[in-house]
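What follows is a single structure, written as structure tokens, with notes after it.
The values are calculated or read from the model by the stated rules, or taken from the named source; none is laboratory data. Only a predicted model underlies this, so the values are computations on that prediction, with no experimental measurement involved. Cβ: placed from backbone, ideal geometry, glycine included. Neighbour counts: every protein chain shown.
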Amino acid sequence: MSGLLAGKRLLVTGVITDASIAFSVAKLAQENGAQVVLTGYGRLSLVERIAKRLPQPAPVIELDVTNAEQLAGLPDKVREYADGLDGVVHSIGFAPQSCLGGGFLDAPWEDVATALHVSTYSYKSLAMAALPLMSPGGSVVGLTFDATKAWPVYDWMGVAKAGLESASRYLALHLGPKGIRSNLVAAGPLRTIAAKSIPGFDQFETAWTERAPLGWSLTDQEPAARACLALLSDWFPATTGEIVHVDGGYHALGA
Ligand SMILES: NC(=O)c1ccc[n+]([C@@H]2O[C@H](COP(=O)([O-])OP(=O)(O)OC[C@H]3O[C@@H](n4cnc5c(N)ncnc54)[C@H](O)[C@@H]3O)[C@@H](O)[C@H]2O)c1
């Protein structure tokens with residue numbers, strides 16, 4: 001098999017619809033020579049149905065990233081399909097409604113804790129669960145939404161993403177000696193289930209559509225997916241702890 005990821009074995013989390021960023025990553029990865037194993041959360045039969053839309057069949061393993069038992073069992077489950085992993089994609093985010101849409105000052109700790117567990121801590125949990133399957137040259141890639149700024153309506157999800165960005169740097173620090181990289185792609189707004197759950201998300205859509213220097217499509221996941229592929233490939237061998245912006249250039253603008 002030829003292609004950017006020829007021979008690479010990837011674990012891709014986060015497919016729930018064919019609009020999921022993870023779906024684009026899995027599709028492009030297969031088209032570029034990778035073997036893909038998916039994980040699914042919650043509605044497994046739905047994920048399996050969506051997986052059938054990929055160019056090649058991809059097995060789906062059940063994984064709730066907050067479930068310690070499922071995390072511990074992940075290596076054995078993956079070994080049923082692949083003898084190791086060259087890359088892991090974390091494409092997971094969730095925050096209870098109280099944490100979004102302007103609720104920053106009122107969201108209770110229990111809800112914030114859920115947001116941080118699923119969206120931040122799980123990056124480390126997933127990487128550690130997959131570590132027994134990985135070897136030098138391996139790559140962990142996650143998705144963020146530029147957390148250097150306070151955005152309207154993003155609230156505690158923004159805090160969770162700031163934590164994710166830091167966690168990726170610490171993962172780079174701690175897994176670097178094992179030859180494993182950790183990098184994030186900071187995508188602009190894309191119409192996915194996760195995005196639609198944010199009240200007021202249309203503000204991002206308008207801002208990006210009007211201002212991104214390169215222009216921005218709200219329904220094209222491929223640019224973000226392509227960046228994930230590049231970071232999973234052998235073409236960034238000395239890059240770790242990095243955040244690649246795939247946002248039409250929006251992050252580079254002043255107010
Ligand atoms: N859509 C955007 O505008 C945008 C922009 C930048 C970054 N991102 C990030 O991209 C990633 C993927 O989101 P998406 O936009 O493709 O939306 P999506 O709704 O398609 O994907 C989110 C995924 O998270 C999974 N998930 C939620 N809780 C989980 C749990 N406990 N265990 C395992 N999986 C769980 C869901 O099942 C779903 O597959 C997220 O980290 C998101 O924050 C999205």
Self-check item: All positions within the stretch 81-101 that are buried (at least 18 other Cβ atoms within 10 Å of the Cβ), in contact (Cβ under 8 Å) with a residue 24 or more places away in the chain and in a helix (DSSP H, G or I)
Solution: C99
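Would it be correct to say that T239 is among the β-branched types (V, I, T) and part of a helix (DSSP H, G or I)?
Numbers: among the β-branched types (V, I, T): yes; part of a helix (DSSP H, G or I): no.
Taking the combined requirement at face value, the residue does not satisfy it.
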Quiz item: Counting just the residues of the stretch 198-255 that are hydrophobic (A, V, I, L, M, F, W, C) and under 22 Å from G101 (Cα atoms), which one comes out surrounded by the fewest Cβ atoms within 10 Å (Cβ to Cβ)?
Solution: A255
Quiz item: Is it true that V140 is in a strand (DSSP E or B) and touching a helix residue (DSSP H, G or I) at 6+ places or on another chain (Cβ under 8 Å)?
Solution: yes
Practice problem: Take the residues in the stretch 18-33 that are in a loop (DSSP other than H, G, I, E, B) and either of a type outside the set (D, E, K, R) or away from the ligand (no atom under 15 Å from the Cβ) (or both), then tell me which one is surrounded by the fewest Cβ atoms within 10 Å (Cβ to Cβ). | Solution: G33
Quiz item: So, of the residues in the stretch 191-235 that are within 16 Å of V153 (Cβ to Cβ) and acidic (D, E), which turns out to be farthest from the ligand (Cβ to nearest atom)?
Solution: D202
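Which of the following residues is closer than 30 Å to Q35 by Cβ, among the hydrophobic types (A, V, I, L, M, F, W, C) and at pLDDT 95 or above: A167, A212, A252? Write out each step before concluding.
Numbers: A212 fails: closer than 30 Å to Q35 by Cβ; A252 fails: closer than 30 Å to Q35 by Cβ.
On inspection, the qualifying residue turns out to be A167.
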Quiz prompt | Set V36, V78, V15, V47: member being within 13 Å of the ligand (Cβ to nearest atom), among the hydrophobic types (A, V, I, L, M, F, W, C) and outside any loop (DSSP other than H, G, I, E, B) | solution = V47
Quiz prompt | Breaking point among (1) at pLDDT 95 or above; (2) more than 19 Å from T66 (Cα to Cα); (3) assigned to a loop (DSSP other than H, G, I, E, B), for S2 | solution = (1)
Quiz item: Out of all the residues in the stretch 146-153, is one or more within 17 Å of the chain's Cα centre (by Cα), outside any loop (DSSP other than H, G, I, E, B) and among the hydrophobic types (A, V, I, L, M, F, W, C)?
Solution: no
Quiz item: How many of the residues in the stretch 168-197 are without any contact (Cβ under 8 Å) to a residue 24 or more places away in the chain, within 23 Å of F104 (Cβ to Cβ) and surrounded by 13 or more Cβ atoms within 10 Å (Cβ to Cβ)?
Solution: 1
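Can you pull out every residue in the stretch 1-12 that is within 16 Å of the ligand (Cβ to nearest atom) and farther than 17 Å from R49 by Cβ? Spell out the reasoning first.
Let us first name the residues in the stretch 1-12 that are within 16 Å of the ligand (Cβ to nearest atom), namely 10-12.
Correct list: L10, L11.
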